[in-house]
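Below is one structure, written out as structure tokens; the observations come after it.
The values are calculated or read from the model by the stated rules, or taken from the named source; none is laboratory data. Worth saying up front: this structure is predicted, and the values here are computed from it rather than measured. Positions of Cβ are backbone-derived with ideal geometry, glycine not excepted, and every protein chain shown enters the neighbour counts.
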Amino acid sequence: MANAYSLDDLLEFLDHAGDRGLMPAATAQALAVATRNVLGVLNDQEKKDLSRQDLESVIKRFNNKRARDFNPSSLKEYARRVHRAVELFLAWREDPANFTVKTRSTAGGRKKEKGKPQTAFPSDSGFNQLDERPPQSGSYHSAVPVRPGVVITLANVPYDLTRAEAERVASFVRMLAVEV
């Protein structure tokens, strides 16, 4: 790795973070999807060193190029996720031994912050608002937004969930769906 700040390095970090439980796998995957899409507007040379890129300009290029493919709220969410992915990647690069991702948010904490102005990229974004129970040892909680205002919380997902087990859970969820 020549500079360690390429798009491939960023995507490898997200895979690593999801695989190793540094963040919920679903979060890592969502960040990677947004990153691949948004930074996909870069040419091969630009992808080699992200540190030289103005992220806001890249996001604007993506919005201009792909606006017809996404609704405005999706474009904003992709921008937020790319900023978050880059922020986490840089924090990990700076100090991998002390790297942590804040993914747990409590109702009390959200109420306290209500009057406080929001930062551009809050550490808990609503994508991973978790329920109050602590995860069992060897597992994590995560949340999946289904549609505006509807979030499904997954609890006690084992870190070593196999593909077969994931398919079993997916089959159960498919069984719950109603035809509209």
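Restricting to region 164-179, name every residue that is β-branched (V, I, T) and either assigned to a helix (DSSP H, G or I) or at pLDDT 90 or above (or both).
V169, V173
Any idea which residue in region 59-109 is modelled with the lowest pLDDT, counting only those that are of a type in the set (A, V, I, L, M) and over 21 Å from D15 (Cβ atoms)?
Applying the filter and picking the extreme gives A107.
Among the residues of region 159-167, are any among the aliphatic types (A, V, I, L, M) and in contact with a strand residue (DSSP E or B) (Cβ under 8 Å, 6 or more places away or on another chain)?
No, the conditions are met nowhere in region 159-167.
Has region 36-50 got any residue that is assigned to a helix (DSSP H, G or I), assigned by TED's automatic domain parsing to the domain that holds N71, without any contact (Cβ under 8 Å) to a residue 40 or more places away in the chain and under 23 Å from P145 (Cβ atoms)?
yes
Please identify the pairs in which a residue from region 73-86 that is within 19 Å of P24 (Cβ to Cβ) and in the same structural domain as L10 (by TED's automatic domain parsing) has its Cβ atom under 6 Å from the Cβ atom of a residue that is surrounded by fewer than 17 Cβ atoms within 10 Å (Cβ to Cβ) and at pLDDT below 95, counting only partners at least 6 apart or on another chain.
What qualifies is H83/F121; R84/F121.
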